Amino acid sequence: MRRKVFLLSFRLRLNERSSLHPSTRLGLDIMKLRNKYFILRHGQTIHQTKKKDFIYPSEAKAKKTSFSSLPSLLLRKSSVGGKARRNKFLLPSRLRLDERMFFDYPPFPESPPIKLTKKGQKQIKVVAKKLKKSGIDLIFSSDFFRTRQTAKIVAEGLNKRIHFDKRLRDVNLGIYRGGPKRDFYRDFPIHSKNRFNKKPPKGESWRDCQKRMLNFLKDIDKRFKEKTILIISHGDPLWLLEGAVKNWSLGKLLKIKSGKIGIIKTGEFRKL
């Protein structure tokens, strides 16, 4: 009798891992990564302070970007024949931004763009110094403004190029974006396993987010070999990616999401 109970309990736990935890369905648990990876969450923003009870704003519609519309952050003055012009990309010797960022994606997917706080900028400057010891070869980042700022600070410190990829964007909460968190959590409880499959209107589920993060990881792991790669993204996407790579159970994923154990914080980096 005890043996039957033990076997039944074991099967239930096994079913929980395979049917409820999406990472085991995507084959990453048997995938051997060819590169070494670090993950970094962007620095602190106003949504961790004054606006902590509100969701990040909605995405702006993509539109063609002209050189004249690029912000001063990404432009520099040049002088030809004694006349100043503002039509050069900001590509100092210590930082070369991936030129694709200007043509593949809108300059700031969120409207309005959310910037790092002063504390957030300091967090990332400290991280950049620590990352020098890690031998980073490549930097990949979400193209949201807060991750762009984070990537720029790190890239300047490491003298590396930034590659932006929209698959690293924050989870899309659809019609709830920009609104109070209480409205979203009323319909989508934070600790509910249903969020893996249930998606908000015009948004995505945790499974959708995890799938695009894993597709990104698989793509770059095929392109490179024996490199040390830094991935800069957001809280939920990094949590889901780490859970898949490390094959966490559903229970552990939800414990981490609830804040009981080890969720990645703003301005924190760790080995994947």
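If the requirement is being among the aromatic types (Phe, Trp, Tyr), over 23 Å from residue 213 (Cβ atoms) and either at pLDDT below 95 or buried (at least 20 other Cβ atoms within 10 Å of the Cβ) (or both), which of these qualifies: 144, 108, 89, 140?
The conditions single out 89.
With respect to residue 165, determine if the residue is surrounded by 21 or more Cβ atoms within 10 Å (Cβ to Cβ), acidic (Asp, Glu) and under 17 Å from residue 38 (Cβ atoms).
Yes; evaluated as a whole, the condition is true for this residue.
Mind checking which residues of region 174-192 are out of contact with any Asp or Glu (no Cβ under 8 Å at 6 or more places or on another chain) and either crowded, with 17+ Cβ neighbours inside 10 Å or at pLDDT 95 or above (or both)?
184, 188, listed by residue number.
Output the number of the condition that residue 267 fails; it satisfies all remaining conditions of (1) in contact with a strand residue (DSSP E or B) (Cβ under 9 Å, 6 or more places away or on another chain); (2) of a type in the set (Gly, Ala, Ser); (3) more than 20 Å from residue 45 (Cβ to Cβ).
Answer for residue 267: the failing condition is (3).
Only residues that are more than 18 Å from the chain's Cα centre (by Cα) and not charged (D, E, K, R): list them for region 190-229, please.
190, 191, 192, 194, 197, 200, 201, 224
Output the qualifying pairs, or none if there are none: Cβ atoms under 8 angstrom, residues six or more apart or on different chains, first residue in region 43-67 and modelled with pLDDT under 50, second residue not in a loop (DSSP other than H, G, I, E, B).
65/102; 67/75; 67/87
Out of the residues in region 253-272 that are over 17 Å from residue 48 (Cβ atoms) and surrounded by fewer than 16 Cβ atoms within 10 Å (Cβ to Cβ), state the one that is modelled with the lowest pLDDT.
260
The values are calculated or read from the model by the stated rules, or taken from the named source; none is laboratory data. Because the structure is a prediction, the values reported are computed rather than measured. Glycine gets a Cβ as well: all are built from the backbone with ideal geometry, and neighbour counts include every protein chain shown.
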